[in-house]
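The structure appears below as structure tokens.
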């Protein structure tokens, strides 16, 4: 066995935290991420959309962007894609200007995707990469579960309860 192989095998199961603490952290992170995702769409998102709507002067709602259901000046005449993305948009078609719709789209990306969905992933990666507190045995399964939660709630491909 080479030194590199020995080091990789050693890193597979060793970390700064004991294994039970790593498992508890991973399970706790997944529970917090799931609960946060549900809480965000039920409580925080409607209030945030009201604030953004007040600033933009139009009601902001969840829309299936890049679909025939939501005509917007940002489509630029491209044919509709069968893969839509859920984002914020302007409810009243008469109020949809390029500026308002672009602002709603940008704020949706910033508020929902980045600030809402990525902070638990940032904590998880900080604990793994910077603190070196998780072994690969714990990191990899938790990482797969985190990706699944992110794709379900935050990637914009699925309609989440509380969006409408």
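The values are calculated or read from the model by the stated rules, or taken from the named source; none is laboratory data. Just so it is clear, the structure is predicted and the values come from calculations on it, not from any experiment. No Cβ is skipped: glycine too gets one built from the backbone with ideal geometry, and neighbour counts run over all protein chains shown.
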Being loosely packed, with under 15 Cβ neighbours inside 10 Å, more than 17 Å from residue 39 (Cβ to Cβ), modelled with pLDDT under 95 and within 17 Å of the chain's Cα centre (by Cα) narrows 155, 148 down to just 155
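Table: residues versus (1) without any contact (Cβ under 8 Å) to a residue 60 or more places away in the chain; (2) in contact with a helix residue (DSSP H, G or I) (Cβ under 6 Å, 6 or more places away or on another chain); (3) assigned to a helix (DSSP H, G or I); (4) over 23 Å from residue 158 (Cα atoms).
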| position | (1), (2), (3), (4) |
| --- | --- |
| 24 | yes, no, yes, yes |
| 35 | yes, no, yes, no |
| 44 | no, no, yes, no |
| 69 | yes, no, no, no |
- Query: Is it true that residue 54 is farther than 30 Å from residue 95 by Cα and exposed (fewer than 13 other Cβ atoms within 10 Å of the Cβ)?
  - Reply: no
